[in-house]
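For reference, the structure is listed below as structure tokens.
The values are calculated or read from the model by the stated rules, or taken from the named source; none is laboratory data. The structure presented is a predicted model; accordingly, all values stated were derived computationally and were not measured. A quick note on method: Cβ atoms are made from the backbone with ideal geometry, for glycine too, and the neighbour counts reach across all protein chains shown. Side chains included, ligands, DNA and RNA excluded: accessible areas come from the protein's heavy atoms. Shrake-Rupley method; radii C 1.70, N 1.55, O 1.52, S 1.80 Å.
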Amino acid sequence: MIKITALVDNTPGGNRTMVHTHGLSFFIETYETSILFDFGPGPEFLQNAGRLGIDPLSAGYTVCSHSHYDHAAGYKALLQAGISCPFITGDHFFEEKYTLDKDDENAYAAFFSRFSRPVKYSYLGCGFSGSDLKKAHVEHIVCKDMLKIVPGCYAVGGFPRIYAFETIPHRFVKWNGVSMEPDSFDDEIILVLDHPQGLIVVTGCCHPGILNILSTIHTRFSRPVQAIVGGIHLTGADDLRVNRTMCLLKEQGIRFLALNHCSGDSVNQWLKKDGAVSWCRLGSGDCVVFP
């Protein structure tokens, strides 16, 4: 049995006492261990966990998909609560993440013309550093390509870009210590859970592209993927990209989607219209169980 509970999401779930906010956090119970995957933007996931009777401090591991605040900043509250289990991230997790000013129509042009004028940025990072982990005596484990956490559970990163149409919005940038540069999200990782009926892929945002991610999983594992749980970052994508992505997911034999956070309403509409793939929306407090 594998149980995945959304501790926090953008939308409310069936229990309306749960807090919902822009972010994502899962509590995952597997055959071998329990894992906190992403932590939302603040302490909201801890509040919801308490209402659900879940003890986040009982987790055997914490895993963060990437360092954007809506997935990572809540970890500070977890440190304050006394978490001590290992913390798993991708490489370069602590690079400073930013976004270009969305209200400045000329920001993109100014950025790509090598700063012909000052450009406004908004900080998107996690708000803590490696030194905070050391002070709390938390082991930081880096996954570069594939990391076996426990039997049947893997962190996976390093996704070659096979599908050229899975582009990253230009607004996402990072500070390299000297200047801003486009963020390629090479630090992003996902979880792969082994299950008798096929692999379960747990995602945070899929900035590298859900199809690029699945292509990597197909290469590294010898089992088919049965389900995807999490965000697939098609919010704001045009109809052509949504349709192409969803058609390819269906062709690859994905049987179940539990979507939330950044997946986008267009995906929900596509799935309702198509009717061939089982799916659900996971709001705050909702869970999905794979028997």
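A protection proxy built from the mean count of other Cβ atoms within 10 Å ranks the segments 184-193, 239-248, most packed first, as 184-193, 239-248.
Rounded to the nearest 500, the 222 nm mean residue ellipticity of the chain from helices alone is -6000 deg cm²/dmol, with -39,500 (n - 2.57) taken per DSSP H run of at least 4 residues. Highest-first packing order for the peptide set 202-209, 79-86 is 202-209, 79-86, based on the mean count of other beta carbon atoms within 10 Å. Each Cα pair under 8 Å and six or more residues apart adds its separation to the average, and for segment 181-291 the resulting relative contact order is 22 percent. Amide H contacts of residue 284 (H built 1.01 Å from N, in plane; Pro and chain starts excluded): 9, 11, 13 sit under 5 Å, all sequence-distant by 5 or more or on other chains. A 1.4 Å probe, protein heavy atoms only, puts the accessible area of residue 32 near 110 Å². When DSSP beta bridges are restricted to pairs lying wholly in segment 21-100, around 45% turn out antiparallel. Using only side-chain charges placed at the Cβ, +1 for Lys and Arg and -1 for Asp and Glu, the dipole size of segment 1-102 relative to its Cα centre rounds to 320 debye. Taking 23 Å as the cut-off for C-alpha to C-alpha distance, list the pairs among 120/174; 97/120; 144/250; 135/174 that go past it. 144/250; 135/174, as the Cα separations exceed 23 Å there.
Positive-end ranking of 36, 165, 19 along the dipole of the chain, with charges on Cβ about the Cα centre, is headed by 165.
Considering only alpha-carbon pairs that sit under 8 angstrom and 6 or more positions apart, the relative contact order computed for the chain is 20 percent. Pairs of Cα atoms nearer than 8 Å and 6+ residues apart set the relative contact order; for segment 93-238 it is 21 percent. Packing order of peptides 280-289, 219-228, highest average first: 280-289, 219-228 (average count of other Cβ atoms within 10 Å over each peptide's residues).
Under 5 Å from the amide H of residue 96 lie the amide H atoms of 175, each residue being 5 or more positions distant or on a separate chain, with H modelled from the backbone and absent for Pro and chain starts.
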